[in-house]
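In what follows, a single structure is set out as C-alpha cells and then discussed.
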Amino acid sequence: MVLSISGVLLLGVVAFVFFRKDGMKLSHAVVCGLFGFYLASTAAAPHIAAGGNSVATMLSDISF
C-alpha cells in the first residue's frame with residue numbers, strides 16, 4: 001500500500017511540474033488520467049503493477 005501511495009504522489013508531482021513548466025494542457029492531464037483509470041480495469045493491470053513493483057525493488061536495492 002505504501003508503494004502505491006508514494007507512486008501516485010510521485011506521478012502527481014511529475015504531472016504538476018509538466019503542467020506548470022512544460023506547457024502540458026489541462027485537457028492532456030484529463031486524458032492521461034482517464035487512460036490510467038480505464039487501463040486499471042483491463043487484463044494488463046496486474047502485469048503493469050508487477051513491472052512497477054520490480055522497478056521499485058530494483059531502485060530500492062541501489063546503495064550510494
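Structure values in brief
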| item | result |
| --- | --- |
| Which labelled figure in [x] 3, 17, 19, 14, 11, 9, 7, 5, 4, 3, 3, 2, 1, 0; [y] 3, 14, 12, 11, 9, 8, 8, 6, 6, 6, 5, 5, 4, 2, 0; [z] 4, 14, 18, 23, 19, 14, 6, 1 is P(r) over Cα pairs in 5 Å bins from 0, in percent, once derived from the coordinates | [z] |
| Sequence-distant residues sharing a close amide H with M24 (under 5 Å, placed H) | F19 |
| Per residue accessible area in Å² of the chain, where ligands, DNA and RNA are left out and the probe is 1.4 Å | 86 |
| V14 accessible area, assembled protein chains, probe 1.4 Å, Å² | 60 |
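The values are calculated or read from the model by the stated rules, or taken from the named source; none is laboratory data. For clarity, every value in this text was computed on a predicted model and none was experimentally measured. The protein model used for the area step is the full one, side chains on, heavy atoms only, and it has no ligands, DNA or RNA in it. Shrake-Rupley method; radii C 1.70, N 1.55, O 1.52, S 1.80 Å.
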